[in-house]
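Only one structure is covered here, and it is reproduced in the block below.
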Amino acid sequence: MNLHEYQGKEILASFGVRVQRGIVAQNPDEAVEAAKRLTEETGTSWYVIKAQVHAGGRGKGGGVKLAKNLDEVRSISDQIIGMNLITPQTSAEGKKVHQVLIAEDVYYPGANEPDEYYMSVLLDRANARNMIMYSTEGGMDIETVAEQTPHLIFTESIDPVLGLQPFQARRVAFNLGLSGQAFKEMVRFVSSLYKAYINSDATLFEINPVLKTSDDKIMAVDSKVTIDDNALYRHKDYQEMRDIREENPIEVEAKEVGLNYVDLDGNVGCMVNGAGLAMATMDLIKQAGGEPANFLDVGGTADAARVEQAFKIILKDPSVKAILVNIFGGIVRCDRVAQGIVDAYKNMGDAINVPIIVRLQGTNADIAKDLIDSSGLDVQSAIEFQEAADKVQAVVS
């Protein structure tokens with residue numbers, strides 16, 4: 001589950017990480033009131049207006065601007081709220097901005113230029129360890145840094161049993177070229193950041209930039225946070241942070257009916273039981289010359305109601321030109337799945353307007369094939385993988 005910047009900062013602050021303070025606003029009036037509160041609480045007279053969307057590169061799309069007075073807070077907020085923000089991490093249509101973060105200005109006017117760093121905590125799957133990745137080149141796309149100056153990216157691999165060791169936090173501060181009070185501040189920052197990552201069951205904490213202010217304070221000016229969905233049962237308060245407006249509406253609907261669905265860019269819809277078989281089915285579609293339009297695991301209870309829901313979800317994608325149903329009858333019998341497909345097809349009627357190829361293998365597969373073939377519906381049955389691939393190729397070529 002992705003979080004907005006202001007939500008990520010709330011989690012960071014709860015674990016002792018110093019953050020750029022801010023207040024979220026849903027409209028220009030709230031933005032002005034938020035700015036007034038910030039002035040009272042922090043003394044800031046300039047304000048950073050930040051669009052709150054689940055995408056990076058907001059500044060490049062005009063989603064981050066500086067306001068030097070309350071009139072500018074109102075006008076800039078009015079410009080940003082409601083806009084379709086297009087960044088390198090959004091689609092061509094962009095994402096609609098529903099709210100902005102009014103943040104204090106931490107780049108003190110007249111002071112020495114502050115230093116910006118990049119820092120993230122994430123899982124290194126290759127080594128089965130957590131990792132802190134950091135660089136002196138903050139405020140830039142880390143991909144650009146990795147491509148052009150890879151020697152400026154450092155990593156700390158963290159033993160999952162021992163956790164972050166004090167010498168590792170000190171090494172981070174040393175590699176960033178810090179000394180004195182800034183060195184001590186960075187050690188505390190790194191330790192608190194890793195504590196937040198572990199205790200929130202996150203899969204990513206990315207801070208870009210981490211700022212060293214002119215008075216040697218270290219703080220998170222931005223935050224990109226992803227929480228592990230499988231751990232949300234331990235964090236009821238984090239569940240309430242979910243913003244479905246930022247998510248794919250088809251994926252949201254699929255989740256509500258208990259389907260494991262991921263939207264893709266292809267032209268062949270997939271309906272499969274089991275994640276491993278789903279991955280193999282996507283490979284099969286690619287081999288046949290098509291492109292998978294989705295990942296869809298219906299699970300072990302592929303009855304008529306569930307199959308019908310799956311068909312409806314798949315057909316919401318206008319790019320789907322065919323549907324491949326690939327079910328292994330282990331937990332569920334193939335003949336029951338076949339009957340479910342027939343029933344769902346009859347219930348939906350003209351709503352199913354693309355060819356359907358059904359491969360059922362396992363318990364009662366022969367009975368299932370007879371059910372499909374004798375149904376009189378425009379459904380093609382297959383037994384072998386290659387047979388299904390040939391039929392997919394015939395409808396997409």
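Just so you know, all these numbers are worked out from the coordinates, no wet-lab data involved. All values reported here derive from a predicted model rather than from experimental measurement. Neighbour counts are summed over all protein chains in view; Cβ atoms, including those assigned to glycine, are modelled from backbone coordinates with ideal geometry.
Applying 0.36 nm per residue to the separation of SER91 and LEU123 and subtracting their alpha-carbon distance, the gain on full extension is 8.9 nm.
With N counted as the residues of region 308-397, its alpha-carbon radius of gyration over 2.2 N^0.38 Å works out to 1.02. Rounded to the nearest 10 degrees, the angle from helix 28-42 to the longest Cα principal axis of the chain is 40 degrees. The mean sequence distance of close C-alpha pairs (under 8 Å, at least 6 residues apart), as a share of the length of the chain, puts its relative contact order at 12 percent. Spin-label model, VAL262/SER397: points 7 Å from Cα along the beta carbon direction are separated by 2.9 nm. Within the same chain, lysines fewer than 8 places from LYS346 are excluded, and of the rest, those with a Cα less than 28 Å from its Cα are LYS255, LYS312, LYS316, LYS321, LYS369, LYS391. Residues whose amide H comes within less than 5 Å of that of ARG359, counting only those at least five positions distant or on another chain, are VAL325, ASN326, ILE327, ALA382 (H built at 1.01 Å from N in the peptide plane). Look at where the Cα atoms of region 322-397 and of region 167-223 average out, and the two centres are 55 Å apart. Near MET241, no amide H atom lies under 5 Å from its own; only residues 5 or more places off or on other chains count, and H is placed 1.01 Å from N. Restricting attention to region 21-105, lysine pairs at least eight places apart or on different chains and with alpha-carbon atoms under 19 angstrom apart total 12. For the chain, the Kirkwood hydrodynamic radius comes to 24.0 Å, computed from all pairs of different C-alpha atoms. Where both bridge residues fall in region 248-396, DSSP classifies roughly 20% of the beta bridges as antiparallel. Spread over its residues, the convex hull of the C-alpha atoms of region 21-105 is 70 Å³ per residue.
Using the rule -39500 (n - 2.57) for each DSSP H run of four or more residues, divided by the residues of the chain, the 222 nm mean residue ellipticity is -11000 deg cm²/dmol.
Compute the FRET efficiency between THR42 and SER75 as 1/(1 + (r/R0)^6), taking r as their Cβ-Cβ distance and R0 = 30 Å, and round to the nearest 0.05. Working from the Cβ atoms, E equals 0.85. Contact order, relative form, for region 267-375: 29 percent (alpha carbon pairs under 8 Å, 6 or more residues apart, mean separation divided by residue count).
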